[in-house]
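Below is one structure, written out as structure tokens; the observations come after it.
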Amino acid sequence: MKSIRHIGFIGNYLPRRCGIATFTYDMQQSISTAATNVETSVVAMTDPGHVYDYPPAVRFQVHDDKIDDYVQAADFLNRSDVDVVCLQHEYGIFGGASGCNIIELLSRLKMPLVTTLHTVLRTPNPSQRNVMRRIINASAKLVVMSEKGQELLRSVHGVPASSIQIIPHGIPDFPFLETHHAKAKFGFSGRKVILTFGLLSPSKGIETVIDAMPGIIKSCPDVVYVVLGATHPNLVRHEGEAYRDRLIARVHELGVENHVAFLNQFVDQPTLLDYISMCDVYVTPYLNEAQMTSGTLSYSFGLGKAVVSTPYWHAKELLRDGLGILVPFKDPEATGIEVASLLTDDARRQSMRVRAYADSRSMIWAQSAKRYLAIFDDSRALTRSGISHSFNSNFPGSKGIDIPEIQIGHFLSLCDSTGMLQHATHAVANRAHGYCIDDNARALLFSTALANTGEVRIPDIVIARFAAFIQHAWNPDTRRFRNFMSYDRRWLEEAGSEDSHGRTLWALGESARKDDNPSRRRWAAALFETALPAVENFSSPRAWAFSLLGLNAHCTLVRRDEFADRIRKQLADKLMALFAAVESKDWVWFENLLAYDNARLSQALIETGLATGKPAYIEAGLRSLRWLMTLQTASTGHFRPVGTHSFGRIRQLPEAFDQQPVEACATISACLAASRVGDGSDWAGEAMRAFRWFLGENDLRTTLIDPASGSCADGLHLDRPNENKGAESALSYLLGLTEIRQVKRANATVRIEPAARFVHSTVHSIAPRTAPGDCLATISILDPPLLIPAPGSGQGRRQTFQTGD
């Protein structure tokens, strides 16, 4: 790969007066110095009503309120053979709502983008979140200047840690100097100097230090507080110098006018460094905790100054371990005590200075330039290797994914002579928590799904134990299944939850239809019919959904079972009524909240609609699933299941964590059911996206499964996978894997179109399927009233359909 020859920078630029302009200038200059053979071009942002005499490095100017300028800037960068672009992002420097105009430029770039984020909000509003999401999607790498920035990118926006680099705010490489030369230069010889510099605005908290001055003067009579910096241009535009006048009035009110000096000027860097050199204590009394970075703090720290600061995010990180002093927000008394203490203790102040200077050497611009150049190279390598610079395709397995083989070693390690144990400590079965019918029903479903597939086979004696557990769980007195059993085989309840009853019916229905043991099929069918009546009085939507999945299997096997048909219609209509009552423009769901196994609700309606020929069921199932998938898609494009922290929150967007395998499994099944409708959507691709969550395409970019044993982590926390590998997680992975492998085998034959009803047809060929009762049939349709019209369907067209009997 050829080395980088041309780098583009987008941001504010000197002589515009703001911190971003200074940062972009310093960065561009340091890159040019570190890589003398690399050309640099700056696209400078210009605010309304201003004209700047930009230097030659600025090759293009964007007026932030003119969309055409953004489009033309993208064209300029694309035509200029720029190898990589570096964006300096702050919401307020770009036009449009939350700075959205910049997207017009970024979306047109043909080279990788590296974005330096100067602000990451803890609670962005919808507009800010949308802009940030689109910037994230456009970027190959994101750079933040603090650990807090990385934390918020991961927790608020779901960005994987591997896509974020932390590079502290750059600083000039300036020698460690004593204060007397600079004090003499500026007329402050013989005085102790406190300094605050930067563009003046109310958020800087200057009032706090002014109010602290009477107390400081008592301890240090020769002290002077120098407030260096012009008033912020935006503030001047709205109120002139009113804020500065209020500060001056406060100084006179306190009688400290001989101890406070306002220097209303925007100084160049050499002059600024001299001012910093003269101060004994530097103070940043900012009022807002959510300040991600402060260039003024970085500069002062880098010149080896003793710093007193309020505990905003950047200060808390930079001044850790006694490298500076933190005081409460808006607390003149505490501020005065700490400043006076430093001014009157030369040894302590000097020790703090020496430590700060030594600690800051990695922050000098020459070091920052090297780190940025390495990131630029990495971003180009991703693009040149055929990987898009969007995070969407940076995950392992996005292309040419290898589907793991089905391994059951861990699954069997959780089984004993009673059935399947619920939990594990790491990968070791934990007998303390005993058993539940939920996991034994899932185990029976998994065993049944493997039957006659040619995949690995569960030993029949193990399957028999799952069946025996379910049989023993049936309580004829309550006409319900028990759920929880202790390790010493004592039932812990007389009746389990409605959901566990419905899941057991689902397992029995599938076992009756597909189990390769005839005797066990008859047992499952009989127990299904015995346990079915209880669901008539159930109120849980998930219990309805699980029961419907079992009923669809049962009704395929047992034709004209009027009671089962009636219950199936009743449960489907209940889901439909719930959906109609709750659905709104912004909340397309069955309940006012999201919980677990969400996609099963959509799956149940889709499969019931396909089985009964009811388009309304299918349409509602697809609409709800489509909405759910938008919520389960991270800004980077990967699958993000509804986090458990969301459960029970009324009409609130889901939290990212904790993530559980059961959600991925349910989504795989629902999307594959939707793929059989043939509505033109890539539902099979969505199922695959959900499956890749197990393999590492997730928020932490970490695999959750052990392909050699078939084990699966119990979930994904904010910072790590759960180390335990219990039954529900293992079965969720194995069930999803089994479905994905079945689709993979099916795709090796003929693509299956949606199920349909027809009046006149001729069967031309039938290819046996691997499962009993399934086949592939090529059919010429003479008069097809399709359940859901396939694209381009028409009379006399030759199509392929999947049948279930």
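The values are calculated or read from the model by the stated rules, or taken from the named source; none is laboratory data. No experiment lies behind these values; they were computed from the predicted model shown. Ideal geometry is used to build each Cβ from the backbone, glycine not excepted, and the neighbour counts take in all protein chains shown. We work out accessible area using only protein heavy atoms, side chains counted, and drop any ligands, DNA or RNA first. Shrake-Rupley method; radii C 1.70, N 1.55, O 1.52, S 1.80 Å.
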Next item on the list: Would you grab the residues whose amide H sits under 5 Å from the one on VAL223? Only those 5+ places off in sequence or on another chain, please, with H modelled 1.01 Å from N.
Entry: LYS192
Margin query: Around PRO270, under 14 Å between beta carbons, what's the net of Lys plus Arg minus Asp minus Glu among the other residues?
Written below: -3
Note to self: Cut-off 15 Å, label point 7 angstrom out along Cα-to-Cβ of ASP561: give me the residues of segment 503-518 whose amide nitrogen falls inside.
What the structure shows: 503-515
Margin query: Tell me the net charge near GLU455. Cut-off is 9 Å between Cβ atoms, GLU455 excluded, with +1 for each Lys or Arg and -1 for each Asp or Glu.
Written below: +1
Margin query: If packing is taken as the average number of other Cβ atoms within 10 Å across a peptide's residues, how do 650-663, 450-463 rank, most packed first?
Written below: 650-663, 450-463
Notebook entry, point to check: Where a ≥ b ≥ c are the square roots of the eigenvalues of the C-alpha gyration tensor, would you call segment 1-152 rounded, which needs a/c under 1.5, or, failing that, prolate if a/b is larger than b/c, or oblate?
Noted result: rounded
Next item on the list: Using amide H atoms built 1.01 Å from N in the peptide plane, name the residues 5+ places from THR231, or on other chains, whose amide H lies under 5 Å from its own.
Entry: LEU200
Check: What is the magnitude of the charge dipole of segment 1-118 about its Cα centre, with +1 placed on the Cβ of each Lys and Arg, -1 on the Cβ of each Asp and Glu, and no other charges, expressed in debye to the nearest 20?
Finding: 300 debye
Checklist line | Relative packing of 224-230, 586-592, 52-58, which averages over residues the other C-beta atoms within 10 Å, highest first | finding: 224-230, 586-592, 52-58
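So in the chain, what percent of DSSP beta bridges are antiparallel if you round to the nearest 5? Don't skip to the end; give the middle numbers.
Working: 28 of 75 bridges.
Around 35 percent of the beta bridges assigned by DSSP in the chain are antiparallel ones.
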Next item on the list: Using the Karplus curve 6.51 cos²θ - 1.76 cosθ + 1.60 with θ = phi - 60°, work out ³J(HN,Hα) for each residue of segment 421-432 in order, rounded to whole Hz, and write x for Gly and Pro.
Entry: 6, 5, 10, 9, 9, 6, 9, 9, 4, 9, 6, 4
Check: Near THR33, within a Cβ-to-Cβ distance under 14 Å, what is the net charge of the other residues, with Lys and Arg +1 and Asp and Glu -1?
Finding: -2
Check: With a ≥ b ≥ c the root eigenvalues of the C-alpha gyration tensor of segment 272-365, is it rounded (a/c under 1.5), prolate (a/b larger than b/c) or oblate?
Finding: oblate
Notebook entry, point to check: Residues with amide H under 5 Å of ARG649's amide H, sequence separation 5 or more or different chain, H placed in the peptide plane at 1.01 Å from N; which?
Noted result: LEU594
Next item on the list: Using the Karplus curve 6.51 cos²θ - 1.76 cosθ + 1.60 with θ = phi - 60°, work out ³J(HN,Hα) for each residue of segment 723-737 in order, rounded to whole Hz, and write x for Gly and Pro.
Entry: 6, 7, 9, x, 5, 4, 5, 4, 5, 4, 4, 5, 5, x, 4
Next item on the list: Please find the FRET efficiency linking SER519 to HIS426, where r is the Cβ-Cβ separation and R0 is fixed at 41 Å, and quote it to the nearest 0.05.
Entry: 0.60
Item checked: Fraction of accessible area attributable to carbon and sulfur, segment 594-722 (%, probe 1.4 Å) -> 53 percent
Margin query: Can you compute 3J(HN,Hα) from phi for each residue in segment 518-534, using the Karplus curve 6.51 cos²θ - 1.76 cosθ + 1.60 with θ = phi - 60°, rounded to whole Hz and x for Gly and Pro?
Written below: x, 5, 6, 4, 5, 4, 4, 5, 5, 5, 4, 5, 5, 8, 5, x, 4
Next item on the list: Beta carbons within 10 angstrom, averaged per residue: use that to sort the peptides 435-441, 578-584, highest first.
Entry: 435-441, 578-584
Item checked: Accessible area expressed per residue, segment 242-289, with surrounding protein chains retained (probe 1.4 Å, Å²) -> 43 Å²
Next item on the list: Rank SER341, GLY454, THR504 by how far each Cα sits towards the positive end of the charge dipole of the chain (+1 on Lys, Arg Cβ; -1 on Asp, Glu Cβ) and give me just the farthest.
Entry: GLY454
Item checked: Inter-probe distance in nm under a simple model that places probes 7 Å from Cα toward Cβ, at SER189 and HIS50 -> 3.8 nm
Note to self: Given axes a ≥ b ≥ c from the Cα gyration tensor, I'd like to know whether the chain is rounded (a/c under 1.5), prolate (a/b larger than b/c) or oblate.
What the structure shows: prolate
Note to self: Using a Förster radius of 41 Å, what is the FRET efficiency between ARG701 and SER486 based on their Cβ-Cβ separation? Nearest 0.05, please.
What the structure shows: 0.55
Margin query: Cross-link candidates for LYS183: which lysines have Cα within less than 30 Å, leaving aside residues fewer than 8 places away along the same chain?
Written below: LYS192, LYS204, LYS218, LYS305, LYS316, LYS330
Checklist line | Residue-span extension gain [GLU494 to ASP460] - 0.36 nm each, minus C-alpha spacing | finding: 9.3 nm
Next item on the list: With label points built 7 Å along Cα→Cβ from the Cα atoms of HIS181 and ALA358, find their separation and express it in nm.
Entry: 2.3 nm
Check: Quick one: if the Förster radius is 60 Å, what FRET efficiency do ILE248 and ARG623 give, using the C-beta to C-beta distance and rounding to 0.05?
Finding: 0.45
Checklist line | 1.4 Å probe accessible area per residue over segment 1-103, in Å² | finding: 41 Å²
